[in-house]
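Working notes for the structure below.
The values are calculated or read from the model by the stated rules, or taken from the named source; none is laboratory data. Here the structure is a predicted model, which means the values were calculated and not measured. A quick note on method: Cβ atoms are made from the backbone with ideal geometry, for glycine too, and the neighbour counts reach across all protein chains shown. Calculation scope for accessible area: heavy atoms of the full protein, side chains included, ligands and nucleic acids excluded. Shrake-Rupley method; radii C 1.70, N 1.55, O 1.52, S 1.80 Å.
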Amino acid sequence: MPPGQSTIAPEVDALFNFILYSAIVFFAIVVLTIVYFVIRYRRRGKEELTSGVTQNLKLEILWTAIPIILVVIVFFWGFRVYLKMYVSPKDAYEIKVTGQQWFWSFNYPNGASTVNDLVVPVGKPIRLLMSSKDVIHSFYVPDFRIKMDVLPNRYTGIWFEAPEVGEHNLFCAEYCGTSHSDMIGRVRVLGEYEFDQWIQEGAGAGEGVSPAEYGKQLYTSKACVTCHRIDGVPHTGPSFLGIYGEAQKMADGSSVTVDENYIRESILHPQAKIVAGFQPVMPTYQGLLDDRQIDALIAFIKSLKKE
Ligand code: CUA
């Protein structure tokens, strides 16, 4: 495992190492005993027979009691760490996490939101309130030693505190369909001042750049890039290159010209029109993008012209 980067990590590692090293010790005892017995009691000739041993009470008590003691220790130790991990402190900063095929979105208390990029302040307990829009996902940050299933129709929660500024990998640890392996992100731990700064700026993103340029940023930051390429090669969804103004064949046989209204509809109601040859797997971006951001994405798609 990578070095632990959360306050709970040393406790998880201590328990893990206890289990690992006791397993190694008992593995060695068992294997060495086998080797010793194989040599000591090997068959030497027809006359020499082993005496008939039926039982040994002392030995049986010993090999029952020792494993029970070990298992009970692991249980209580594990239960303690588990409770610590899942019961968040009262003053924790709460962020809403949504998993869906195939990206993560994060909603902050002040209304800011990010995709695949969880930004948190350093040295503060962070509580994650999680749910899924479709299938079961699993929120996993190896550096923090935390992992929790993210379910549809039910909230789950987990918390952590990162004592140092830095960046950490975030994975989905539950096979959730075609692009499961693309469901990756990062956790950025910022200094308290930088975090305040960042969260204030959240509302003003995209100012001072052209709509197409802002759309390009959103294309990556809102994870369109996971399914839609811009080089003409189809992926999970159609490529965006040169589609604007072109007629597209739909799955139901009809033909649709790609214009502003079609793009907007496809972002907010992805199931309304499915391009022939693709699966109806896109999630809705209703609530994840405001009108200005949708305009920017349209401007970006318009700008992608074939040479
Ligand atoms: Cu979501 Cu795997």
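In this rough spin-label picture, where each label sits 7 Å from Cα along the Cβ direction, the residue 278-residue 221 distance is 2.3 nm. GNM on the chain, alpha-carbon springs under 10 angstrom: the most fluctuating residue among 157, 185, 253 is 253.
In a shell of Cβ-Cβ distance under 14 Å around residue 157, excluding residue 157 itself, what net charge do Lys and Arg (+1) and Asp and Glu (-1) give? Walk me through the intermediate numbers first.
On the way: positive: 84, 90, 96, 127, 147, 154; negative: 94, 149.
Here the count lands on +4.
When the accessible area of the chain is computed with all protein chains present and a 1.4 Å probe, what percentage of it is carbon and sulfur?
Working: 10900 of 18200 Å².
After summing per-atom areas, the C and S share lands at 60 percent.
Only beta bridges with both residues in segment 1-142 are counted; by DSSP, about 55 percent of them are antiparallel. Determine the percent antiparallel among the DSSP beta bridges restricted to the chain, to the nearest 5. Of those bridges, close to 65 percent are antiparallel. The mean sequence distance of close C-alpha pairs (under 8 Å, at least 6 residues apart), as a share of the length of segment 149-198, puts its relative contact order at 35 percent.
Relative contact order for the chain: what is it in percent, counting Cα pairs under 8 Å that are at least 6 residues apart?
Details: 489 pairs, mean separation 45.7, N = 307.
Computed value for the chain: 15 percent relative contact order.
The gain in end-to-end length when the residue 54 to residue 133 segment is fully stretched comes to 22.4 nm, 0.36 nm per residue minus the alpha carbon separation.
When the surface is traced with a 1.4 Å probe over the full set of protein chains, residue 306 keeps roughly 140 Å² accessible.
Taking the highest mean first, how do the peptides 69-82, 223-236 order by number of other beta carbon atoms within 10 angstrom per residue? Mind dumping the intermediate values first?
Details: 69-82: 12.4, 223-236: 16.8.
Most protected by this proxy first, the peptides run 223-236, 69-82.
Karplus-derived 3J(HN,Hα) values for segment 4-19, using 6.51 cos²θ - 1.76 cosθ + 1.60 with θ = phi - 60°, are x, 10, 10, 5, 7, 4, x, 6, 5, 5, 4, 5, 4, 5, 4, 5 Hz; glycine and proline are entered as x. For residue 174, the residues whose modelled amide H falls within less than 5 Å of its own, excluding neighbours fewer than 5 places apart on the same chain, are 138. Of the residues 275, 25, 53, the one that moves most in a GNM of the chain with alpha-carbon contacts below 10 Å is 53. For the residues 47, 213, 164, a GNM of the chain with alpha-carbon springs under 10 Å puts the largest fluctuation on 47.
Run the numbers on segment 211-303 and let me know its relative contact order in percent, using alpha-carbon pairs under 8 Å that are six or more apart. Show your work: numbers first, answer last.
Details: 134 pairs, mean separation 33.8, N = 93.
Relative contact order of segment 211-303: 36 percent.
For the pairs 133/302; 96/222; 249/302; 147/273; 273/305; 96/124, flag any whose C-alpha to C-alpha distance is greater than 25 Å. Beyond 25 Å between Cα atoms: 133/302; 147/273. If R0 equals 51 Å, the separation of the Cβ atoms of residue 292 and residue 82 corresponds to a calculated FRET efficiency of about 0.70.
Here the Karplus relation 6.51 cos²θ - 1.76 cosθ + 1.60, evaluated at θ = phi - 60°, turns the backbone of segment 60-71 into coupling constants of 5, 5, 4, 7, 8, 5, 4, x, 4, 4, 4, 5 Hz, with x for every Gly and Pro.
Computed from the alpha carbon positions, the gyration tensor of the chain leads to an equivalent ellipsoid with semi-axes of 54, 27, 16 Å, biggest first. For residue 24 and residue 200, a Förster radius of 51 Å and the Cβ-Cβ distance give a FRET efficiency of 0.50, rounded to the nearest 0.05.
Per DSSP H run of at least 4 residues, take -39500 (n - 2.57); add these up for the chain, divide by its residues and hand me the 222 nm value, nearest 500 deg cm²/dmol.
Working: 6 runs with 105 residues, N = 307.
Helix-only estimate at 222 nm: -11500 deg cm²/dmol.
The length gained by stretching the chain between residue 239 and residue 40 to full extension, at 0.36 nm per residue less their Cα-Cα distance, is 64.5 nm.
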